[in-house]
1. Arrange the peptides 147-160, 173-186 so that the one whose residues have, on average, the most other Cβ atoms within 10 Å appears first.
2. Working from the pairwise distances between different alpha carbons, so that the mean of 1/r is found and then inverted, what is the chain's Kirkwood radius in Å?
3. Per-residue counts of other Cβ atoms within 10 Å, averaged by peptide: what ranking do you get for 107-118, 92-103, highest first?
4. Between ALA31 and SER173, what FRET efficiency comes out of the Förster formula 1/(1 + (r/R0)^6) with R0 = 51 Å and r the beta carbon distance, rounded to 0.05?
5. Among the complete DSSP H segments of the chain, which ones combine at least 18 Å of alpha-carbon extent along their axis with a mean Kyte-Doolittle hydropathy of 0.5 or more?
6. Among THR241, THR129, what is the fewest-to-most ranking by other Cβ atoms within 10 Å?
7. Could you state the number of Å between the C-alpha centres of segment 159-182 and segment 87-121?
8. So if we plug the beta-carbon distance of GLN11 and LEU233 into 1/(1 + (r/R0)^6) with R0 = 41 Å, what FRET efficiency do we get, rounded to 0.05?
Amino acid sequence: MDQPPGPPPSQLQALQLAYDRLQQQQYFQAAFLGSASHELRAPINQIISLHQLILEDLCENPAEEREFLAQANQAIQTVLKNLDLLISLSKLEVGGVTPNLQGVPLASLLHQVQQLTQMKSVNRHCRLTVTQAELTIVVWSDRQWLLQLLVMLVDTAIDLGSDVITLDVAPGSEEVVLTLHCDRPLKPQSDPASIPETEAPPRTGYDLSPEFRGQLAARIISHLGGQLDHRQLDDKGTEWTLQLPKETPTARDVP
């Protein structure tokens, strides 16, 4: 009895391509989950250590106990904030939260970014320059997510120890390109699963690392109709290029 004919070669190639893409997505998701776990585990370990010092009566006086409790409280508040961010991002990726795409005036948005990051840059002795966009430039995005993304990138540049940070605007016919440049390199993040806990680099604070925040920004922008590219400048700096669609009649018609 003759066997039924199999799928044509073109269909087999399409299936193989879809399978390879699915495998790649699963790998990236697993790597991201490992990075997120490592980011949250570091401050939690610090909280445990602080409480252990108090429980074992190793503090010199009650004032030191209160100081350790204050540090632990600060750490857990940061962990909760980061958890909220990761949960919001997961809802965004699975469709539980839909971005509120609308026309966003770029000038007012960049002014708000500068206001939210100026104090931190001054405290770190960093010169932050944000180019003022023309009042007529309107991008098609979700204002709150885009604001959070830009603040996250500027904070990342500041936390790298940058002395000079610039955020430039280059409007095009169909899109707007924002370029964030800092004078410090962003080191690639190693796979946390391959680093023993005893050999992991010490964390100087409770917040997310600059490398991981770069990963978060790249995942957020993919849901806002934009694109984020990152490149190193010969170990002399880091540059992020953010491409955002302009508000157009076509964009407004998209549900």
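None of the figures in this text is laboratory data; all of them are computed from the coordinates on show. For clarity, every value in this text was computed on a predicted model and none was experimentally measured. Here the Cβ is made from the backbone with ideal geometry for all residues, glycine too, and neighbour counts use every protein chain on show.
1. 147-160, 173-186
2. 21.1
3. Going by the mean number of other Cβ atoms within 10 Å, highest first, we get 107-118, 92-103.
4. Calculated value: 0.90.
5. 143-159
6. By the 10 Å Cβ count, ascending: THR129, THR241.
7. Distance between centres, Cα-based: 16 Å.
8. Once rounded, the FRET efficiency stands at 0.40.
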